[in-house]
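Student: The structure's right below; bear with me while I get my questions together.
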Number of protein chains: 2
Amino acid sequence: MESRSAHVLLSLLVLAASGGLAFAGEDIAQLRDRALASNQAWPILESLTTEVGARPVGSAGMSRAKDWAISKFTALGFSNVHLESFTKENAWVRGFESAMVLTNNPHSLAVTGLGNSVSTPPGGIEAEVVVFQTFWDLINATPGSLNGKIVLVNQPMVRTQNEDGYRSAVRARTEGPSIAADRGAAAYLTRSITASDAALPHTGLTRYAAASPRIPAAALAVPDAEFVARLAARAPVRMRIILQSRVIPAAPAWNVVGEIKGRETPDEIVLIGGHLDSWDLSESASDDGAGVAITMAAAALVGAAPRHPRRTIRVVLWGSEETEGSGAAYAAAHRDEALKIVLAAESDFGAGHAYRLALPRADPADPRIAELGAALAPLKVFVSADPARSGGSDVEPLRVAGVPVASFNQDQSGYFDRHHSADDTLARIDRADLDQTVAAWAVLIYSVAENDIDFRATMSSEAK
Amino acid sequence: MESRSAHVLLSLLVLAASGGLAFAGEDIAQLRDRALASNQAWPILESLTTEVGARPVGSAGMSRAKDWAISKFTALGFSNVHLESFTKENAWVRGFESAMVLTNNPHSLAVTGLGNSVSTPPGGIEAEVVVFQTFWDLINATPGSLNGKIVLVNQPMVRTQNEDGYRSAVRARTEGPSIAADRGAAAYLTRSITASDAALPHTGLTRYAAASPRIPAAALAVPDAEFVARLAARAPVRMRIILQSRVIPAAPAWNVVGEIKGRETPDEIVLIGGHLDSWDLSESASDDGAGVAITMAAAALVGAAPRHPRRTIRVVLWGSEETEGSGAAYAAAHRDEALKIVLAAESDFGAGHAYRLALPRADPADPRIAELGAALAPLKVFVSADPARSGGSDVEPLRVAGVPVASFNQDQSGYFDRHHSADDTLARIDRADLDQTVAAWAVLIYSVAENDIDFRATMSSEAK
């Protein structure tokens, strides 16, 4: 409630006040207020979710998505619009899935296989369930103690405004199956990695340890995981789960690129973007349709200014974030260009309002940082005293190669309620929050592309 | 909604399940569940807010508070209950205050003087207002440009789950007056440091720079600051403000101490507490009645276990946090004991539910840390991968002296709506959140007091 009206009022207030007092960074303030009133990202997101839908790497949806991106970049006036192809090995494709409690009153549970999971036999696996209330309790289980069992880890996720609650909880999904397999388990279930108690399961990647047996792995909806745990606390519970999937050994994949060419030093790059691929359970409006729309819109707004900024703004729509591969492919293909990238950042935090900007390590007394801070403050975004830990998973390989990264925190309090589930739909998107986030991104990329700030100097002295 | 029922259900679930599977740290889990069901902190907080009320250092309320604390510690079964006296120099006492817009339709504004502010002349200061939309814009104002003016900084605070939004915004209060004075201002106003738009002003400390002229300084309620800013964007605005206050050159002050004596190594101390002093605008239930009640209750619960833990748990109720002094006095008096303090932490984040524990730098694979993590997980509290930056302002001098510190983040999304204002009342306290936070603290202090973990070893190797 507060965010919507307050943002707009503040914007008008700043517009009104700018006639009176000198305002540092007049151009940035004008761009910000134009972005805030633009409704630029919404139609992009509406188009992607309506015309393309789900778009896992290797799917027909992803192929449609790359065509959509080329056409959208072009319509928005970007230059140098092109595809960069790479191969995604072992693209995972979901098949038939079912999970059922056989004890007491047999009934079906809301289940979804984890990305990379191997299949059960066609008839499934039937076994007794062992429930662990926390991931630590699973780790403490002794080898052999879970022989032939279906393991369920029922640890709740902590709701946080940033991604820290998710980061802490997600090990149950990414590492759990191999830990359970090492102790003899036949199959693995995790409570969905979400703080929501909605009856929908949440998928996501798992990673098998090289030396561990590969067992089928899935997530139960939170209320179903709690139900099984309650039942198992009373008497032994038997379940049957069927998880079918296949892999495409070498799927075609694409990063899609568009640019706002710099007017003075076009070979210096401010690189932003969202990921075009998604999970398969929904139209994936928040993850990461929002990041695609926000960064395309912010760059297009800067491109529509009376003149382009000095440096080039490059938008990369990443083609395989969810199951990994697009960031590594890009960094490998652009190894020689890395030193020309002055800043990289991925928008992959959903569609909530931005509230915090973490920059590469920089001097807070630098007047250019102060100008950026002043332009963001009326949007209710502060510049963090702590530097960015990461710029997003697709720019991580660039960061490792020495590229400075930044990160906008957006309010993720409700993001993981929908993340990787059937509920990640356009209906959940707030247009005013989207505009506010676009305005924040436009301020950042304009500031870094127009002025002579060079985070690379700070980075290299750090590395020494 | 979710937090309350889920916490209780989880608790029961864990109790039910513990009969089946081995649960790491059985004793900790039992303590946690006893704490969760104890309603132990609420009556302490109800007593403090009802019987004592506001308790700024130097006031009769603070004198009542120290007597209350001695009596409450004793009633709760603490040992070694005593006062540690110190002198608070220049304790600040609010006097008559008023602020009025004289332009257009003259009317009063909701104003409160900042702690440490000098007084205006008895008749006040009347001058034109200069509004800055951000703190950076004030910094950019040139010397002499504000001669004789009343300055208003109207920068909004960003709402965050932790204290980062506040930390970023509060410079307008702590540093603003001297920056404005250096540029010629006659008086200083800040928009209240809050994300609330309620019509109540929020006080708090300001710090004058040694070389700057000292000008009277106050905070306006958010809607009043916005109103003045809107008015000033149209035409020059004149205001009159009266701010009266006095200082007590040497006020008596007290830290109040109670202990749960360790059964094996009583000279090793786990030191926790909240601050007993408060601002003067309310009964100060959240800041920091909650911290007082939470830490007294958690320690009392541990003390009521069948046997005391190995190490001593010491609760220190700090006597001058808001205007500084209690932490420094304690560290000075206990200099020789600092190396015996195995962990120090202050509860000063309000009464929202705990969601994150930051420890001193520690090995996440340490089974004692894993046990702590497993005991906290069902409370929906995760152990952060990042170490604690601070343990609270009163234990900061101990941290500087080498004492390891920890910090529980509590949900502060709504905390700063009430913080330092007349709205910080018992009516805003959620009992279930209080119980959950007490349970989290009880788990932490029991774990560290009972096992042989020694964060001091990690700290000293860090310092080398």
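Student: Nearest 0.05, what FRET efficiency do residue B:71 and residue A:98 give at R0 = 45 Å with Cβ-Cβ as r? Walk me through the numbers before you get to the answer.
Tutor: Values: r = 63 Å, r/R0 = 1.41.
Efficiency computed from Cβ-Cβ geometry: 0.10.
Student: Need the full-extension length gain, residue B:333 to residue B:393, defined as separation in residues times 0.36 nm minus the C-alpha distance. One decimal, nm.
Tutor: Once the chain is fully extended between residue B:333 and residue B:393, it gains 19.9 nm.
Student: Then there is this: May I have the pair-distance distribution P(r) for segment B:295-431, computed from all Cα-Cα distances with 5 Å bins from 0 and rounded to whole percent?
Tutor: Over segment B:295-431, the share of Cα pairs per 5 Å bin runs 2, 9, 15, 19, 22, 17, 11, 5, 1, 0 percent.
Student: Give the shape of chain A as rounded, prolate or oblate, defined through the alpha-carbon gyration tensor: a ≥ b ≥ c are the square roots of its eigenvalues, a/c under 1.5 means rounded, and otherwise the shape is prolate if a/b is larger than b/c and oblate if not. Show your work: numbers first, answer last.
Tutor: On the way: a/c = 2.09, a/b = 1.88, b/c = 1.11.
Here chain A falls in the prolate category.
Student: Here's a follow-up. When DSSP assigns beta bridges and you keep just the ones with both residues in chain A, what percent turn out antiparallel, to the nearest 5?
Tutor: Of those bridges, close to 55 percent are antiparallel.
Student: Estimate the FRET efficiency between residue A:305 and residue A:361 by the formula 1/(1 + (r/R0)^6), using the beta-carbon distance for r and 30 Å for R0, to the nearest 0.05.
Tutor: Working from the Cβ atoms, E equals 0.55.
Student: For a label point 7 angstrom out from the Cα of residue A:227 toward its Cβ, which stretches of segment A:102-135 have the backbone nitrogen within less than 15 Å?
Tutor: Within reach of a label on residue A:227, which here means backbone N under 15 Å from a point 7 Å along Cα→Cβ, segment A:102-135 contributes A:102-112.
Student: Any lysines with Cα under 28 Å of the residue A:149 Cα? List them, leaving off those in the same chain fewer than 8 positions away.
Tutor: B:380
Student: Then there is this: Report, to one decimal in Å, the Kirkwood hydrodynamic radius for segment B:94-134 based on all distinct Cα pairs.
Tutor: Details: mean 1/r = 0.0823 Å⁻¹.
Value: 12.2 Å, from the Cα pair sum.
Student: Could you name the aspartates and glutamates whose alpha carbon sits less than 20 Å from that of residue B:72, not counting residues in the same chain fewer than 8 places away?
Tutor: Filter leaves B:46, B:51, B:84, B:259, B:277, B:283, B:287, B:288, B:346, B:348, B:435.
Student: Here is a further query. Given R₀ = 35 Å, FRET efficiency for residue A:47-residue A:171 by Cβ-Cβ distance, to 0.05?
Tutor: 0.45
Student: Averaged across A:367-375, how many Cβ atoms of other chains sit within 10 Å of each residue's Cβ atom? Mind showing how you got there, number by number?
Tutor: On the way: counts 3, 0, 1, 6, 2, 1, 5, 10, 2.
Mean shielding count: 3.
Student: Looking only at the protein assembly as shown, where both bridge partners belong to it, what percent of the DSSP beta bridges are antiparallel (to the nearest 5)?
Tutor: 55 percent
Student: Now, a different point. Rounded, prolate or oblate for the protein assembly as shown? Axes are the square roots of the Cα gyration tensor eigenvalues, ordered a ≥ b ≥ c, and the cut-off for rounded is a/c under 1.5. All intermediate terms of the calculation are to be shown ahead of the outcome.
Tutor: On the way: a/c = 2.05, a/b = 1.12, b/c = 1.83.
It is oblate, given that a/c is not under 1.5 and a/b is not larger than b/c.
Student: With the cut-off at 18 Å, tell me which of the pairs B:261/B:340; A:66/A:88; A:261/A:340; B:88/B:261 have Cα atoms farther apart than that.
Tutor: B:88/B:261
Student: Over the Cα atoms of segment B:201-262, what radius of gyration and what Dmax do you get, in Å?
Tutor: 19.8, 68
Student: For segment A:205-359, what does the alpha-carbon gyration tensor say about shape, rounded, prolate or oblate, given a ≥ b ≥ c as the root eigenvalues, a/c under 1.5 as rounded, and a/b over b/c as prolate?
Tutor: Details: a/c = 3.15, a/b = 2.12, b/c = 1.49.
Taking the square roots of the gyration eigenvalues as a ≥ b ≥ c, segment A:205-359 is prolate.
Student: Given the peptides A:427-436, A:213-222, B:28-37, B:122-131, arrange them by the average over their residues of other C-beta atoms within 10 Å, most packed first.
Tutor: Top of the packing list down: A:213-222, B:28-37, A:427-436, B:122-131.
Student: log10 I(q)/I(0), Debye, Cα-only segment B:98-233, no solvent, q = 0.14, 0.17 Å⁻¹?
Tutor: Computed log10 I(q)/I(0) values: -0.56, -0.84.
Throughout, read-outs are computed from the coordinates displayed, never taken from laboratory work. Values in this document were obtained by computation on a predicted structure and should not be read as measured data. Heads up, the Cβs are rebuilt from the backbone with ideal geometry, glycines too, and the neighbour counts pull from every protein chain shown.
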